[in-house]
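What follows is a short report on a single structure.
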Amino acid sequence: MIPFLDLKAAYDELSPELETALLRATRSGWYIGGEEVEAFEAQFAAYTGAPYCIGVGNGLDALTLALRAMDVGVGDEVIVPSNTYIATWLAVSAVGATVVPVEPAEGQFNIDVAAIQAKITAKTKVILPVHLYGIPADMEAICALAKQHGLLVLEDAAQAHGAAVRGKRVGTHGDAVAWSFYPGKNLGALGDGGAVTTRHEHLAQRIRALGNYGSAVKYYNLELGVNSRLDPLQAAVLSVKLAALDEWNTRRQALAHRYLEGLQGLPLQLPVSPAWANTIWHLFVIATPQRDALQTWLQAHGVQTLIHYPVPPHLQQAYQSLGWQAGDFPCAERYANQVLSLPMGPQLSVTAVDQVIELVQQFFRAQ
């Protein structure tokens, strides 16, 4: 079996450092906030180039708290990708705002920057791009458009740890950047975790207070907050993994390059990494109308694959009340029916990737 992602192998590679960090954190006697969280926040802020990093409970909370800090609410519109994980939309709905979906650019998975302009109205308050699969969105173009219209930009960077746009790491292009440290991410914890990075002190202070019951000073609550804080045990793990992130991303890039070379010329859509982007390949996603048959073939030959994502947000039952129908966002719907994520991860061997390539080639030769 070639696993889609081997998290145990990732742990094993760093086990001495991880276990030392966990033991240090458990022995500290400090289990909410404290030095481990402060140290990781400082390290991740420096890594992304952001002046401020606020640890939170998970990636969805990172998005929601950032939107709340931006005073986004009922009556506001937030431009989102039609092709994304539903968490991007859920955060907008959680603050009472309206999602305004924009389709991907032709032949790509990320939001079509050229199509955003037509969706901007007097109610638009935020543009919320997603760096899907670890491929950066064109943040320079998006931020220029936002500035032209007086809009805020919140980046969903849940899949983009270490990615860069024209040499500048993701983390400070927008007004705020939301991160997830779900275990399967390029920078993953041993459970849930998240963060927001920002260059704005006022947003940083408010996000931190909102995630701490609306309190900046203990027992004095300024607004209706929530409990969403990064756990010290997870922070200790993340500090260890952050030191390995660039090397692990480099391994992913080498594997992705091998996939791209080996799958050229086959009747499928390959992912596109723009020349100006440093893509960190959180996922390696192909698209083909024969997706289901290909997945069955690979599974039968011991290769585990996943589908990211089988139902686009606008067709989820959760958004049924908004009245969207099949055909409203055809590109997102086509991807939902055609995308397949091949095995990818820093512990995946070149031999395994070559086996996957050969099996995909065999599948199409037999058609």
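Here, each number is a calculation from the coordinates, and none is a lab measurement. Since this is a predicted model, take the numbers as computed values, not measurements. With ideal geometry, Cβ positions are generated from the backbone for all residues, glycine too; neighbour counts draw on all protein chains shown.
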Open item on the list: Running a GNM on the chain with Cα contacts under 10 Å, which residue among I357, I280, I207 ends up with the highest mean-square fluctuation?
Closed with: I357
- [ ] Taking the Cβ of G34 as the centre, find all other residues whose Cβ is under 12 Å away and add up their charges (Lys, Arg: +1; Asp, Glu: -1).
- [x] -3
- [ ] Could you sort 61-74, 191-204, 16-29 so that the peptide with the highest average Cβ count within 10 Å comes first and the rest follow in order?
- [x] 61-74, 191-204, 16-29
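Can you tally the net charge around H131? Count Lys and Arg as +1, Asp and Glu as -1, for every other residue whose Cβ sits under 11 Å from the Cβ of H131.
Once all neighbours under 11 Å are counted, the net charge is -3.
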TODO: Could you give me the percent of Cα pairs per 10 Å distance bin for segment 207-269, shortest bin first, beginning at zero and ending with the bin that holds the maximum distance?
DONE: 19, 21, 19, 18, 16, 7, 1
Open item on the list: For K119, give me every one of the lysines with a C-alpha distance below 24 angstrom, ignoring sequence neighbours fewer than eight places off in its own chain.
Closed with: K147
Open item on the list: Mean-square fluctuation check for the chain, GNM, Cα pairs under 10 Å: which of N212, N249, N221 is largest?
Closed with: N221
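Rounded to the nearest 5, what is the percent of antiparallel bridges among the DSSP beta bridges in the chain?
Values: 24 of 39 bridges.
In the chain, approximately 60 percent of DSSP beta bridges are antiparallel ones.
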- [ ] For segment 85-209, just say rounded, prolate or oblate: build the C-alpha gyration tensor, square-root its eigenvalues into a ≥ b ≥ c, call rounded for a/c under 1.5, and beyond that prolate if a/b exceeds b/c, oblate if not.
- [x] rounded
Task: Total charge dipole magnitude, the chain, about the Cα centre, Cβ charges on Lys, Arg, Asp, Glu only, Debye to nearest 20 - done: 220
Open item on the list: Using alpha carbons only, how many angstrom separate the centre of segment 156-185 from the centre of segment 255-313?
Closed with: 21
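Rounded to the nearest 500, what is the 222 nm mean residue ellipticity of the chain from helices alone, with -39500 (n - 2.57) per DSSP H run of 4+ residues and division by all residues? Working shown, then result.
Details: 11 runs with 145 residues, N = 367.
Result for the chain, helices only: -12500 deg cm²/dmol.
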Open item on the list: How much of the DSSP bridge set in segment 1-146 is antiparallel, in percent, rounded to the nearest 5?
Closed with: 10
TODO: Count the net charge of all other residues whose Cβ sits under 13 Å from the Cβ of G327, scoring Lys and Arg as +1 and Asp and Glu as -1.
DONE: -2
Task: Across K185/K241; K8/K241; K123/K185, pairs whose alpha-carbon gap is larger than 22 Å - done: K123/K185
Open item on the list: Would segment 263-367 count as rounded, prolate or oblate if I go by the C-alpha gyration tensor, calling it rounded below 1.5 in a/c and otherwise prolate when a/b exceeds b/c, oblate otherwise?
Closed with: prolate
Open item on the list: For segment 3-75 and segment 93-136, what is the centre-to-centre distance using only Cα atoms, to the nearest Å?
Closed with: 26
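Only helices at least 18 Å long along their own axis, judged from Cα atoms, and with Kyte-Doolittle mean hydropathy of -0.5 or greater: name those in the chain from DSSP H.
Values: long enough: 7-27 (26 Å, -0.28); 35-48 (20 Å, -0.18); 232-262 (42 Å, -0.17); 350-365 (22 Å, 0.61).
Taking the DSSP H segments of the chain (at least 18 Å long, mean hydropathy at least -0.5), we get 7-27, 35-48, 232-262, 350-365.
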TODO: Take the alpha carbon gyration tensor of segment 193-348, find the square roots of its eigenvalues, order them as a ≥ b ≥ c, and report rounded if a/c is under 1.5; if not, report prolate when a/b exceeds b/c, else oblate.
DONE: oblate
